[in-house]
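Trainee: Below you'll find the structure I mean.
The values are calculated or read from the model by the stated rules, or taken from the named source; none is laboratory data. Everything numeric in this text was worked out from a predicted model, so none of it was measured. Backbone-built Cβ (ideal geometry, glycine too); neighbour counts: all protein chains shown. To get the accessible areas, we keep the full protein, side chains included, count just its heavy atoms, and leave off ligands, DNA and RNA. Shrake-Rupley method; radii C 1.70, N 1.55, O 1.52, S 1.80 Å.
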Amino acid sequence: MISLCPNPNPSFLHLHHRHRHRRRPFFVRSLDAAQPFDFESQALDRLNAKSKLKIAVVGFGNFGQFLARTFAAQGHTLLAHSRSDYSTAAAAIGASFFRDPHDLCEQHPDVVLLSTSILSAADVLNTLPLGRLRRSTLFADVLSVKEFPRNLLLSALPSDFDILCTHPMFGPESARHGWAGLPFVFDKVRIGESEERISRCNRFLEIFEKEGCRMVEMSCAEHDHKTAESQFLTHTIGRILAKLGPEDVDIGTKGYQTLLELVQNTCNDSFDLYNGLFMYNKNATELLDRLDVAFTELKKELFGNLHDILRKQLFENPEESNELIKQPKRWTCLVINFCLGLFVRQNYQVLL
Ligand code: NAP
């Protein structure tokens, strides 16, 4: 839109008085400035306002705040509630913090986003006075397991509420430089058929699309199957390595650096999160068993080789063995090897 106005230059006004009969020329003063009669910009404002959501983040810890920062940056109205008092952190983001869940629900958010720990999700959901929300509220969650919240929300929420289960496959650590290209998994578990409900769900998903996430629609069951193989395995290896207390060494290989990063990435998340991945993903137990078998097989392979060498020394080169026996140091070595062999046979059933 082009805004026109008479030239405000006084010399021009003087000239203008002398030549009243002339038509007043207009000059371009600004481009695209919103004017009361500017219907184009008014329509745009209305469209923008319509696309904005009122989102209540329930569970305003590490991940809840991380998400909220981007929601706020995109211009959505943010409400927050948590067990702890996060009023200051919320104010810094531009969110309103409600200690009392009743006050939160009376604000009638469009979306309630469950971002509590997996272990506390059921208890937290029970504390929400659902009757104070609008009947058509959209409930979404970001729990790192999916079948559990799906079943929980389906059983706990009135049938009028919409349900969207999601899992942003990244965290404050791995996505500290942005969300572009990172996978965002979602399952539209129950979205009403009305245009308004469909649009509300899509507008929520668009938040992640706008940040460049790779949007992946899949069932909660498929998600849990795949993440046991990837996410739970990653966290488990990271936590096993952490128990070894690896130290940064100045001649560490690239592979070793990757291991150190893995330890940092996984151990920065709470143990509750890891525990939740195990407790609430039925595929996790099987993965742990397979990991155990794989480790045992690997050790068998190593100790089996060691034992073969020892047997060769004992039975195939008896002269050398006699020599060995005469040398106390090498004899000690032989005994240690023999004990090791026994230990392996006992623990890993390696046949002589
Ligand atoms: P978390 O340890 O899984 O959860 C912390 C949140 O749970 C805090 O808001 C905490 O509230 C709340 N909470 C814990 N125990 C509670 C209890 N007994 N009663 C009430 N609230 C309780 O850490 P997180 O990283 O913030 O993760 C939050 C959710 O996002 C989890 O479901 C996680 O699986 C999911 N997620 C996390 C990541 C990630 O990278 N971190 C990525 C994707 C999805 P207070 O702080 O108020 O105590």
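Trainee: What FRET efficiency, computed as 1/(1 + (r/R0)^6) with R0 = 30 Å and r the Cβ-Cβ distance, is obtained for Cys267 and Ala73, rounded to the nearest 0.05?
Mentor: Computed FRET efficiency for Cys267 and Ala73: 0.60.
Trainee: Along its principal axes, what span do the Cα atoms of region 191-254 show, with the longest given first and each in whole Å?
Mentor: Principal extents (largest minus smallest coordinate, Cα): 60, 26, 16 Å.
Trainee: Skipping prolines and chain starts, which residues have an amide H placed within reach, meaning under 5 Å, of the one on Val57, given they are 5 or more residues away or on another chain?
Mentor: Under 5 Å from the amide H of Val57: Leu79, Ala80, His81, Leu113.
Trainee: Could you provide, to the nearest whole Å², the per residue accessible area of region 39-181 with probe 1.4 Å?
Mentor: On a per-residue basis, 44 Å².
Trainee: With an 8 Å Cα cut-off and a minimum separation of 6 or more residues, compute the relative contact order for region 187-273 in percent.
Mentor: 24 percent
Trainee: Could you give each residue of region 150-161 its phi-based ³J(HN,Hα) in whole Hz, using Karplus coefficients 6.51, -1.76, 1.60 with θ = phi - 60°, and x for Gly or Pro?
Mentor: Karplus-based 3J(HN,Hα) across region 150-161 equals 4, 5, 5, 5, 5, 7, 8, 8, x, 5, 6, 6 Hz.
Trainee: So, one more: Viscosity 0.890 mPa s, temperature 25 °C: what is the translational diffusion coefficient of region 264-316 from Stokes-Einstein with a Kirkwood Rh over Cα pairs, rounded to a whole number of µm²/s?
Mentor: Taking Rh from Cα pairs, D becomes 173 µm²/s.
Trainee: Lys pairs in region 126-284, Cα-Cα under 24 Å, at least 8 apart or on separate chains: how many?
Mentor: Going through region 126-284 pair by pair, I get 9.
Trainee: Given the Cα-Cα distance of Ser199 and Thr285 and 0.36 nm per residue of separation, how much length would full extension add, in nm?
Mentor: Working: separation 86, 0.36 × 86 = 30.96 nm, distance 3.89 nm.
The span from Ser199 to Thr285 would gain 27.1 nm if fully extended.
Trainee: While we're looking at this one, here's another question. Measuring from centroid to centroid over Cα atoms, what is the spacing of region 238-284 and region 173-234 in Å?
Mentor: With region 238-284 and region 173-234 each reduced to a Cα centre, they are spaced 24 Å.
Trainee: Could you work out the Rg to Rh ratio of region 88-149, with Rh taken as the Kirkwood radius (inverse of the mean 1/r over all Cα pairs)?
Mentor: Taking Rh as the inverse mean 1/r over Cα pairs, Rg/Rh reads 0.97.
Trainee: Could you rank the peptides 181-187, 123-129 by their average count of other C-beta atoms within 10 Å per residue, with the highest value first? Walk me through the intermediate numbers first.
Mentor: Numbers: 181-187: 18.6, 123-129: 15.1.
The peptides rank, most packed first, as 181-187, 123-129.
Trainee: Another question about this same structure. Taking only the alpha-carbon atoms of region 217-300, what semi-axes of the equivalent ellipsoid follow from 5 times the gyration tensor eigenvalues under a square root, in whole Å, largest first?
Mentor: 25, 17, 12
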